[in-house]
Amino acid sequence: MLPSPPAISPARLHKLVTSQQDPLLALELVTVTSPTTKPHPATLHSLLLRLARRRDHLPHALALLRRLPSPPSPRLLLPLLLAVLRHRRPPDLFLSTFNSIFVSGPSPLPLHPQLLLRLLGTLSSTPSHFPSALHLLRLVSSRLPLPEPLVLASHNLLIDAAARSGHVAVSLSLFHRLRSLHVSPDADTYRILTQSLCRKAQVSTAATLLDEMLHRGIPADPLAYTTVLNALCRKKQLREAYRLLCLMRGRGVSPDIVHYNTVIVGMCREGRPLDACKIIGDMAESGCTPNAATYTTLVNGLCVSGLYDKARYYLEDMVGKGLVPHFSVFHSVIKGCCAVGKVEEAAQIMSRMLDLGVVPHFESWSSVIRSICNEEDNIEAILLQMLTGTRHGSNTVSSRTLK
């Protein structure tokens with residue numbers, strides 16, 4: 001009978017194992033000293049990762065994995081499996097290794113939910129490894145009794161990854177696979193899909209998904225509605241966008257300022273500011289107060305269409321609600337009034353601007369003064385009106401602006 005090897009401390013064994021360049025010799029050191037020395041977990045973890053880096057040493061790594069005194073943590077298993085993936089072999093090696101550890105090995109280890117999600121996230125972040133992520137998801141969802149929240153979270157992760165890569169067909173396939181597994185999609189699933197479909201200009205399909213959310217009783221995601229509204233406006237389907245905006249209240253979703261502003265921007269962009277004015281009225285009925293961005297878009301849209309009286313009305317409405325417009329908003333109305341010969345109105349707006357402490361742009365002054373010079377009959381009255389306003393707001397007007 002061979003004598004037992006002399007006992008050495010775990011720290012000494014760790015130093016010997018980590019200093020050994022050949023991982024097989026390091027494994028032999030652990031095996032030989034095992035009767036008298038219990039290796040530190042860090043020693044085994046380090047050796048495991050070294051063995052997994054070479055394909056011909058992989059069986060030894062799996063055997064050592066099963067000899068660990070306690071189930072390995074995700075912090076160890078994740079780099080171990082990723083080391084296998086770096087062998088530049090077909091995904092069969094990675095999947096067979098995963099299968100032998102967690103599914104069909106002699107003593108399968110429990111699969112930690114966080115490990116699965118981190119594996120899928122790491123694989124799906126690299127285009128060349130994305131097929132391995134799909135294979136892994138099919139393997140675990142068909143062979144392991146995963147809880148429903150984990151199945152949903154893992155599918156959502158890959159649906160999002162495929163959508164960000166532009167593979168909408170893959171996202172839809174995973175979405176339909178959830179149904180075959182009798183797992184209900186949640187609001188995040190629908191939001192990811194609607195955003196992906198809208199990026200690919202498949203707005204009608206995205207709108208159908210919103211209807212499906214309603215029929216399934218899933219709480220609506222306001223961000224999903226914003227995405228579809230924006231896509232409809234960009235495709236110039238303004239009637240459908242307004243219809244969806246009206247339907248939201250019936251679906252239990254109160255349109256907020258972002259939803260209204262999205263449609264207002266779309267209508268003003270397409271030269272339909274009067275329709276945007278109607279939405280302002282709808283906002284008042286639903287209790288949503290327009291903000292500075294709402295008025296700015298509307299006033300500029302009205303000025304572009306030559307509706308300067310309407311623009312001036314909403315500019316005054318904006319100021320009356322305590323909102324101070326940007327100087328560019330004043331400039332649009334002033335320039336428009338001057339263009340159609342309404343010099344007195346332009347001067348009044350300039351005075352109002354100065355009263356609010358807003359410094360006019362050089363072009364605003366130029367437009368008004370140029371128009372005043374063409375109005376010989378009323379030049380004194382208009383100048384007096386402007387000078388009165390200037391005195392009230394003299395502390396806000398820089399000498400540089402007046403040059």
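The values are calculated or read from the model by the stated rules, or taken from the named source; none is laboratory data. Model, not experiment: these values are computed from the prediction. Glycine gets a Cβ as well: all are built from the backbone with ideal geometry, and neighbour counts include every protein chain shown. Ligands, DNA and RNA are excluded from the accessible area calculation, which covers all protein heavy atoms including side chains. Shrake-Rupley method; radii C 1.70, N 1.55, O 1.52, S 1.80 Å.
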Surface per residue (accessible, 1.4 Å probe) for the stretch 21-99, Å²: 53 Å²
Burial ranking of peptide ranges 182-191, 125-134, 346-355, 284-293 (average Cβ count within 10 Å, highest at the top): 346-355, 182-191, 125-134, 284-293
Cα pair distances of the stretch 34-76 binned at 10 Å [whole percent]: 27, 58, 15, 0
Per-selection Kirkwood Rh - the stretch 117-250 (Cα, Å, 1 d.p.): 15.5 Å
Exceeding the 20 Å Cα-Cα cut-off - candidates Lys236/Lys321; Lys310/Lys342; Lys236/Lys335; Lys278/Lys310; Lys200/Lys278: Lys236/Lys321; Lys236/Lys335; Lys200/Lys278
Calculated from backbone phi, Karplus (6.51, -1.76, 1.60) coupling profile of the stretch 331-341 in Hz, x at Gly/Pro: 4, 4, 6, 4, 4, x, 4, 5, 5, 9, x
Per-residue HN-Hα couplings for the stretch 279-285 [Karplus 6.51, -1.76, 1.60; θ = phi - 60°; Hz; x = Gly/Pro]: 5, 4, x, 5, 4, 5, 5
Separation of alpha-carbon centers, the stretch 269-305 and the stretch 185-245, rounded to whole Å: 22 Å
Listed residues Ile372, Gly281, Thr297: farthest to the positive end of the dipole of the chain (Cβ charges): Thr297
Two-decimal log10 I(q)/I(0) for the stretch 171-232, as the Debye equation yields it once each C-alpha is a single scatterer, q = 0.26 Å⁻¹: -1.13
Probe 1.4 Å, accessible area per residue of the stretch 120-200, Å²: 44 Å²
For the stretch 1-77, average projected area of the Cα convex hull in nm²: 5.5 nm²
With eigenvalues of the C-alpha gyration tensor scaled by 5 and rooted, the chain, Å: 71, 28, 16
Semi-axis lengths (Å, descending) of the ellipsoid that matches the C-alpha gyration tensor of the stretch 240-289: 18, 12, 9
Per residue, in Å², the accessible surface of the stretch 202-312 once ligands and nucleic acids are set aside, probe 1.4 Å: 47 Å²
Globularity ratio of the stretch 214-373, using Cα Rg and 2.2 N^0.38 Å: 1.18
Rounded to the nearest 20 debye, dipole of the chain from Cβ charges on Lys, Arg, Asp, Glu: 2220 debye
Whole-percent carbon and sulfur share, accessible surface of the chain, 1.4 Å: 55 percent
